[in-house]
Each structure stands twice: as C-alpha cells, then as structure tokens.
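Novice: Please see the structure below; I have some questions.
The values are calculated or read from the model by the stated rules, or taken from the named source; none is laboratory data. All figures in this text were calculated on a predicted structure; none of them were measured in a lab. Here the Cβ positions follow ideal geometry from the backbone for every residue, glycine too, while neighbour counts run over all protein chains shown.
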Amino acid sequence: MQSNSFSRHAQQVHTVARGEAGSDPSIARSWLRCLDDYHLDPCVVEAPVVLEHGRLLESRQRLRQVLEIAGGEMHSLHQQLSGAGHAVLLTDARGIILNCVTAPTERRSFEQAGLWLGADWSEAREGTNGIGTCLVERQALTIHQGEHFRGRHTGLTCSASPVFDPHGELLAVLDVSSARPDVSRQSQFHTMALVNLSAKMIESCYFLRHFEQQWLLRFHVQAESVGQFSEGLLAFAEDGRIRAANQSALNLLGCPRGAVLGEPIERFFACTQDELFSRATPGGSTLWSLHARNGRQVFASLRGQARTPVWTVPVNAPSAAPPAQPGVCLLDPQLQQAFSRAVRVFERDVPLLLRGETGCGKEAFAQAVHQASQRSGKPFVAINCASIPESLIESELFGYRGGSFTGARKEGMRGKLLQANGGTLLLDEIGDMPLALQTRLLRVLEERQVEPIGGEAQALDVRIVSATHRDLLERVAQGSFREDLYYRLSGLEVALPALRDRSDKQALLDYLLRQEAQGQAVGLAAEARQALLAFNWPGNVRQMRNVLRTALALCEGGIVQFSDLPGIIQAHTSGAATGRLADEGSGDAAQRQSGAPIDVLLSAERQALTDMLQAKHWHLTRVAEHLGISRNTLYRKLRKHGISRSG
C-alpha cells in the first residue's frame with residue numbers, strides 16, 4: 001500500500017518538476033533541484049543522517065549565543081501553538097537540528113519522522129522540506145504534506161523562517177513541524193505568521209547582543225515600534241561609520257546593504273555626528289524625532305555613552321565611579337530574612353535550594369548571595385537544566401577530554417562544574433535534570449571530584465545553589481527525582497515569594513526603573529504607577545522588568561505615562577475601576593454585567609483553567625506544572641473563579 005502511495009507521489013513530482021502541471025514555483029524549483037542537482041529518488045526510504053555527539057556539541061558551541069536567545073522564544077512559540085502535535089526546531093545554516101521543543105510524550109513520534117537532534121535536514125539530503133528549502137530559497141515558506149519531495153515525509157507539514165545575522169548572512173532556520181494528518185494548508189497561515197515573528201525576534205535580540213559594546217541606533221517611522229521586532233537597527237563605530245544594519249533599517253533607508261555598510265551615519269540622517277552622539281544614553285531609553293535624508297521622519301534612540309563636544313568638557317572632570325555590583329531589592333522583611341539566612345549557611349558550604357514561580361528572581365537572588373559571600377571574586381556559573389537537550393546536558397555539566405569519542409574537539413571541553421571551580425554553580429530548573437545525570441551529580445557532590453567524559457577525576461571546590469519552580473518532593477514520589485539527591489541539595493530551602501505577594505512592590509518598581517533607565521532621569525506618572533502596582537504580575541519580576549524597558553523606550557520627556565503601558569495592564573486597570581475583581585465574592589455578578597475589559601480576561605482565564613483541569617483529569621500538581629505556577633497559586637485561582645470538582 002505504501003509502495004503504491006510512494007509511486008503516485010513520485011509520478012506527481014516528475015510531472016510538476018518538468019513543468020507539465022501548475023504548482024507553487026518554489027516547490028517546483030525545489031523538486032527540480034532534487035532530481036537534477038541532488039539525484040534523489042522520491043520513493044527511496046533512507047534513515048536520517050545524524051551527527052556524532054562530538055560534532056553536534058561543536059555545532060551547538062558555534063551557535064551558543066543564538067541557542068541561548070532562541071530557547072525562550074521556542075518555548076513561547078510552542079505554547080502559543082497549544083503545544084500538542086507540534087515540534088519547534090532550530091537548525092544551523094547547514095540544516096542540522098540543534099534544538100527541539102516538543103511535548104515529552106510526542107518526542108518519540110517526531111524522532112520516527114526523522115526529526116532527531118543532530119539530524120541533517122538540508123535539501124540535498126532530505127529533498128524538499130521546510131528547513132532545507134528555506135535555506136535555499138532564503139525566505140519563509142510552508143511545505144505541506146505532499147509538497148515534500150520524499151514520499152516518507154508526506155505526513156509532515158513544516159513552516160520555516162530564516163534567521164539572518166547582522167551582516168545579512170543566513171544564521172539559522174526556525175521551523176515548526178506537525179505530523180498530524182488533519183493539518184490543512186490554510187491553517188498554516190497563522191502558524192507561519194508566528195514562526196516568522198519569532199524568527200525576527202531572535203534576529204533582533206542577536207543583533208543587540210552581538211553589538212552590545214557598540215553604538216546602536218534604533219529607529220522606526222512609528223514611535224511605538226521602536227523596541228519592537230520591526231525596528232531598524234544600525235551599529236556603528238567611534239568614527240560614525242556603519243558596521244552593520246538589519247533588513248528593517250535597509251527598508252526604512254531605501255538602500256541596499258552594500259550602499260550602507262562603511263558609510264558615515266551623517267549620510268543617511270540630517271544631523272551631525274556630534275549632535276547624534278550627544279543624544280546617546282547607556283540604555284538607549286530616550287526617544288526623539290530624527291529626519292532621514294530620504295525625506296522620512298523617524299523616531300530614534302541611541303545606545304551608547306553620551307558625548308558632549310570637546311570644547312565643553314571641563315578640564316578637571318572627575319572620573320566616573322565604577323558601576324555597582326548587580327543586586328536585588330530586598331526591602332520585603334521576609335525576603336530580607338531569607339537572604340540573611342541564605343548567606344550565613346552558604347558561607348558554611350551548605351547547599352541552597354531556591355523555590356518560586358517562574359520569573360520571580362531566583363537567579364538574581366543566587367547571584368546576590370554569591371556576591372555577598374567570600375566567593376564574590378570567584379566565578380558564578382549558571383546552567384539551565386531545562387533548556388539543554390537531554391543528550392547534551394552531561395557534556396555541558398561535566399565536560400569531556402579531547403579525543404574521548406568520535407567527533408570530539410581536539411582540545412576537549414571544560415564543563416560547567418569545572419568552570420565554576422572555586423566559585424558558585426547555579427543549577428536552574430534542577431527538577432528537569434534527567435535521572436541518569438542525577439546519579440552522577442550526587443557522586444560528584446559526595447566525592448568532591450568531577451570526572452569529564454573520557455578523562456580523569458579532578459578535585460572540585462564548588463558551592464551549589466539549585467533552583468526550581470516545581471515541587472521536588474512530588475517528583476520524588478513520582479520517581480522522576482532521586483530522594484537522596486533532593487536531601488543533598490536542600491540544605492536550606494528558600495521560598496521566594498511571587499511579586500504579587502511582596503510587601504516591597506513599590507520599592508522594587510523604583511529599583512527596576514532605575515536599573516532600566518541606566519542613569520537617566522526618568523519618572524512615572526501617578527496613573528501609570530498606580531496601574532503598575534495594582535497589576536497581579538503573573539510573569540513576576542521578569543515581566544515587570546520587560547514592561548518597564550518597553551515603557552521607557554516609548555515614553556516622551558522622561559515620564560512614563562499610562563498610555564505607554566501594555567494593553568493588558570491598561571485593561572486590568574479599567575476593569576478594576578468599574579468593580580472589584582472576582583475574588584471579592586458577592587460583587588461577581590455585578591462586575592460581569594459591567595462589561596469591563598477585565599471581565600473578558602477573567603472569563604478567558606476561567607475557561608482555560610476548566611479545560612486544563614479536564615485534560616489533566618483534575619490532577620492538580622500536573623495542572624500547576626503545565627501552567628508554570630505553584631500549587632498555592634492554582635488553589636487561589638480556583639477559589640477566585642469558584643471552580644470545584646463537584647461544581
């Protein structure tokens with residue numbers, strides 16, 4: 001049966017490739033390349049070519065920064081697609097899969113489809129497919145089922161978008177693949193839009209990080225788009241000559257890349273270099289109007305150290321004070337006490353286990369403990385156990401000796417444990433560490449020695465801080481976390497409060513505002529401050545920091561107004577003004593009749609909770625884990641919405 005299906009597909013490939021039937025031009029071009037250039041046979045079933053472990057590590061090392069940036073975006077994209085039935089993939093410019101985000105229960109089915117970590121999905125190897133054809137065509141595209149060249153891939157639907165580096169070279173491909181048979185081509189319009197948006201976000205973040213120490217001009221014709229993925233980005237050197245530009249900048253300037261690179265920035269904007277440099281702020285948080293020489297008026301911000309004309313600089317200007325060490329806001333009494341206790345036991349080499357919701361500041365707390373200890377001048381190394389593929393985490397943590405396995409780098413690799421030697425290692429999301437690796441880690445902690453793969457044991461002096469948003473005792477009961485390792489890591493457990501539960505919320509708001517302002521004089525309008533303090537912050541400190549960063553980019557005159565805040569915060573404030581939130585009990589019915597925007601949000605949240613509870617058969621721990629919240633938070637939400645199993 002499969003043979004007949006493959007034969008019919010092969011006949012269609014030959015017909016379309018030879019121009020005897022209409023088809024998408026990019027598909028027809030790809031099929032023709034597969035036949036004439038790669039000499040592939042659509043009927044042949046071959047196992048995927050997968051890189052050896054060492055070569056895969058090298059490939060990941062080359063794109064380490066991209067992988068760090070893309071990790072969170074891939075998880076977010078997977079959640080936006082409702083997760084089920086989708087694999088989110090990131091490949092390098094050769095089509096090698098370097099990271100994959102999918103539901104654990106679906107990993108096996110995607111591997112059977114050939115989507116292995118390290119698998120080569122170039123067009124020359126696997127024929128027409130989302131990843132490989134995107135690399136050749138250099139554009140976002142969808143390859144839907146029968147549009148694949150090989151018959152064995154016709155069950156897949158793939159939407160892929162290229163990721164370019166600051167110089168316009170292909171850096172990676174972001175792809176969403178589905179093996180569900182009921183996926184229509186029309187349904188992929190939404191998926192393709194999300195993939196393309198995520199790819200642009202990765203591009204922008206990579207550009208910003210790549211030129212972190214350079215002058216960076218961000219601009220757009222709309223003020224609210226500065227700081228968004230569609231903004232133009234120009235990096236330039238001390239002499240004012242442009243070093244790199246993203247595609248949005250080229251579009252806004254109306255010039256090809258070759259006409260921009262190496263040119264003085266004054267050629268494209270109606271201002272002198274001194275005038276431009278005088279507008280700079282360390283965080284690029286000040287927005288102003290700028291005239292481009294092509295006639296467009298844009299809004300711009302410049303990141304860099306502000307320079308005044310040389311004739312106005314005082315002769316005996318005092319040298320700038322060194323930057324302060326990174327810290328945390330600890331004016332909440334309970335948090336302050338927890339920090340004091342944590343530092344005391346940390347100095348006695350007692351392991352710390354930090355628990356708290358995602359985004360509540362566990363890594364910042366761990367760094368602050370390290371800085372307050374006698375190890376402050378030693379390395380602080382963090383590893384996220386959830387973001388590294390299971391097959392690679394052992395190498396990342398323990399390292400390996402050169403030549404210890406086929407494809408290993410000659411010089412070997414120092415693992416995170418040895419990188420942190422003499423200092424502190426943060427094991428973030430420790431609850432997601434594979435069981436086999438837990439056994440090795442326990443032995444390292446007991447013996448105070450680390451043995452790289454293929455190498456000899458080396459003495460280790462490192463202090464361990466672990467962090468998780470999961471209930472580790474629950475995972476111990478489930479058999480997914482070693483009980484002896486739990487007791488070894490939990491010398492002192494510190495429960496970090498969610499932002500909504502902190503008593504120092506106002507001080508934290510001011511603290512983060514100062515950090516994001518980078519020394520600039522900024523303020524909050526009374527209405528904006530009230531809205532920020534009233535919001536419940538499901539994303540905790542991380543969400544508040546991102547909101548402030550965006551608001552500072554949008555505000556004018558150094559004052560953040562209510563209108564500069566995201567729509568969800570404005571809606572929350574508008575809803576609160578017409579009636580108290582649902583957890584106030586008797587006011588529920590009246591508030592629902594008010595038609596306030598918050599009612600829509602509450603109704604959506606209630607429906608989402610109900611759907612998730614039914615999907616997880618009312619297993620509350622699994623529901624909380626899936627939502628990324630604590631069980632206490634889940635109980636609070638159930639009470640707020642009046643949800644009970646009996647009801």
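Novice: May I ask you to say which residue of 133, 128, 91 is of a type in the set (Ser, Thr, Tyr), in a helix (DSSP H, G or I) and in contact with a helix residue (DSSP H, G or I) (Cβ under 8 Å, 6 or more places away or on another chain)?
Specialist: From the options 133, 128, 91, the qualifying one is 133.
Novice: Given the condition closer than 13 Å to residue 385 by Cα, of a type outside the set (Lys, Arg) and assigned to a helix (DSSP H, G or I), answer yes or no: does some residue in region 440-454 qualify?
Specialist: yes
Novice: Something else: Hey, among the residues in region 39-57 that are buried (at least 16 other Cβ atoms within 10 Å of the Cβ) and closer than 12 Å to residue 125 by Cα, which one's nearest to the chain's Cα centre (by Cα)?
Specialist: By that ranking, first place goes to 50.
Novice: Now a separate question. Do you know which residues across region 37-58 are of a type in the set (Asp, Glu) and part of a loop (DSSP other than H, G, I, E, B)?
Specialist: 37, 41, 46, 52 - these are the residues of region 37-58 that are of a type in the set (Asp, Glu) and part of a loop (DSSP other than H, G, I, E, B).
Novice: Sort out for me the helices (runs of 4 or more DSSP H) sitting completely within region 536-614 that have 3 or more residues that are under 28 Å from the mean Cα position of the chain (by Cα), modelled with pLDDT of 85 or more and more than 23 Å from residue 525 (Cα to Cα).
Specialist: none
Novice: Considering (1) modelled with pLDDT under 90; (2) in contact with an Asp or Glu (Cβ under 8 Å, 6 or more places away or on another chain); (3) of a type in the set (A, V, I, L, M, F, W, C), say which one residue 103 fails and leave the rest.
Specialist: For residue 103, the failing item is (2).
Novice: If a residue has to be in a helix (DSSP H, G or I), buried (at least 16 other Cβ atoms within 10 Å of the Cβ) and in contact (Cβ under 8 Å) with a residue 40 or more places away in the chain to count, how many in region 514-535 make the cut?
Specialist: Of the residues in that region, 3 qualify.
Novice: Going by the conditions given, is residue 423 more than 25 Å from the chain's Cα centre (by Cα), of a type outside the set (Asp, Glu) and at pLDDT 85 or above?
Specialist: yes
Novice: Determine which single condition residue 102 fails, assuming it passes every other condition in (1) touching a Phe, Trp or Tyr at 6+ places or on another chain (Cβ under 8 Å); (2) farther than 22 Å from residue 615 by Cβ.
Specialist: Among (1) touching a Phe, Trp or Tyr at 6+ places or on another chain (Cβ under 8 Å); (2) farther than 22 Å from residue 615 by Cβ, residue 102 violates only (2).
Novice: For region 160-170, does any single residue satisfy the condition of being in contact with a His (Cβ under 7 Å, 6 or more places away or on another chain) and at pLDDT 90 or above?
Specialist: Yes, the conditions are met somewhere in region 160-170.
Novice: Just to check your reading of the model, which residue among 322, 314 is assigned to a loop (DSSP other than H, G, I, E, B), at pLDDT below 50 and under 34 Å from the mean Cα position of the chain (by Cα)? Steps first, please.
Specialist: On the way: 314 fails: under 34 Å from the mean Cα position of the chain (by Cα).
Result: 322 is the single residue among 322, 314 that is assigned to a loop (DSSP other than H, G, I, E, B), at pLDDT below 50 and under 34 Å from the mean Cα position of the chain (by Cα).
Novice: Please go through region 228-246 and give me each residue that is out of contact with any strand residue (DSSP E or B) (no Cβ under 7 Å at 6 or more places or on another chain) and touching a residue at least 40 places away in the same chain (Cβ under 8 Å), ordered by number.
Specialist: Correct list: empty.
Okay, residues lined up against (1) in contact (Cβ under 8 Å) with a residue 60 or more places away in the chain; (2) within 16 Å of residue 395 (Cβ to Cβ); (3) touching a strand residue (DSSP E or B) at 6+ places or on another chain (Cβ under 8 Å); (4) part of a helix (DSSP H, G or I):
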{"position": "426", "(1), (2), (3), (4)": "yes, no, yes, no"}
{"position": "431", "(1), (2), (3), (4)": "no, no, yes, yes"}
{"position": "437", "(1), (2), (3), (4)": "no, yes, no, yes"}
{"position": "456", "(1), (2), (3), (4)": "no, no, no, no"}
{"position": "461", "(1), (2), (3), (4)": "no, no, no, no"}
{"position": "465", "(1), (2), (3), (4)": "yes, no, yes, no"}
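Novice: Next question, about the same structure. Of everything in region 64-79, what is modelled with pLDDT under 90 and over 8 Å from the mean Cα position of the chain (by Cα)? Give them in sequence order.
Specialist: Result: 77, 78, 79.
Novice: Please identify the pairs in which a residue from region 340-357 that is over 19 Å from residue 329 (Cα atoms) and in contact (Cβ under 8 Å) with a residue 24 or more places away in the chain has its Cβ atom under 6 Å from the Cβ atom of a residue that is surrounded by 14 or more Cβ atoms within 10 Å (Cβ to Cβ) and among the small types (Gly, Ala, Ser), counting only partners at least 6 apart or on another chain.
Specialist: Going by the 6 Å Cβ cut-off, the qualifying pairs are 346/373; 347/373; 350/491; 351/491; 352/342; 353/466; 353/490.
Novice: Could you figure out which of (1) closer than 30 Å to residue 142 by Cβ; (2) assigned to a loop (DSSP other than H, G, I, E, B); (3) at pLDDT 85 or above isn't true of residue 193?
Specialist: Among (1) closer than 30 Å to residue 142 by Cβ; (2) assigned to a loop (DSSP other than H, G, I, E, B); (3) at pLDDT 85 or above, the lone unmet condition for residue 193 is (2).
Novice: Additional query: Confirm whether residue 120 is more than 23 Å from residue 392 (Cβ to Cβ), outside the structural domain of residue 232 (by TED's automatic domain parsing) and either without any contact (Cβ under 8 Å) to a residue 12 or more places away in the chain or in contact with a Gly (Cβ under 7 Å, 6 or more places away or on another chain) (or both).
Specialist: The answer is no for residue 120.
Novice: Give the residues of region 156-190 that are hydrophobic (A, V, I, L, M, F, W, C) and assigned to a loop (DSSP other than H, G, I, E, B), sorted by residue number.
Specialist: If the condition is that a residue be hydrophobic (A, V, I, L, M, F, W, C) and assigned to a loop (DSSP other than H, G, I, E, B), then 156, 179, 183 are the ones that fit.
Novice: Among the residues that make up region 181-191, is at least one of them within 24 Å of residue 567 (Cβ to Cβ), surrounded by 16 or more Cβ atoms within 10 Å (Cβ to Cβ) and assigned by TED's automatic domain parsing to the domain that holds residue 129?
Specialist: yes
Novice: In region 434-466, which residues are in contact with a Phe, Trp or Tyr (Cβ under 9 Å, 6 or more places away or on another chain), modelled with pLDDT of 90 or more and either more than 14 Å from residue 488 (Cβ to Cβ) or not assigned by TED's automatic domain parsing to the domain that holds residue 422 (or both)?
Specialist: none
Novice: Out of region 467-486, which residues are outside any strand (DSSP E or B) and either in contact with a His (Cβ under 7 Å, 6 or more places away or on another chain) or closer than 18 Å to residue 351 by Cα (or both)?
Specialist: 469, 470, 471, 472, 473, 481, 482, 483, 484, 485, 486
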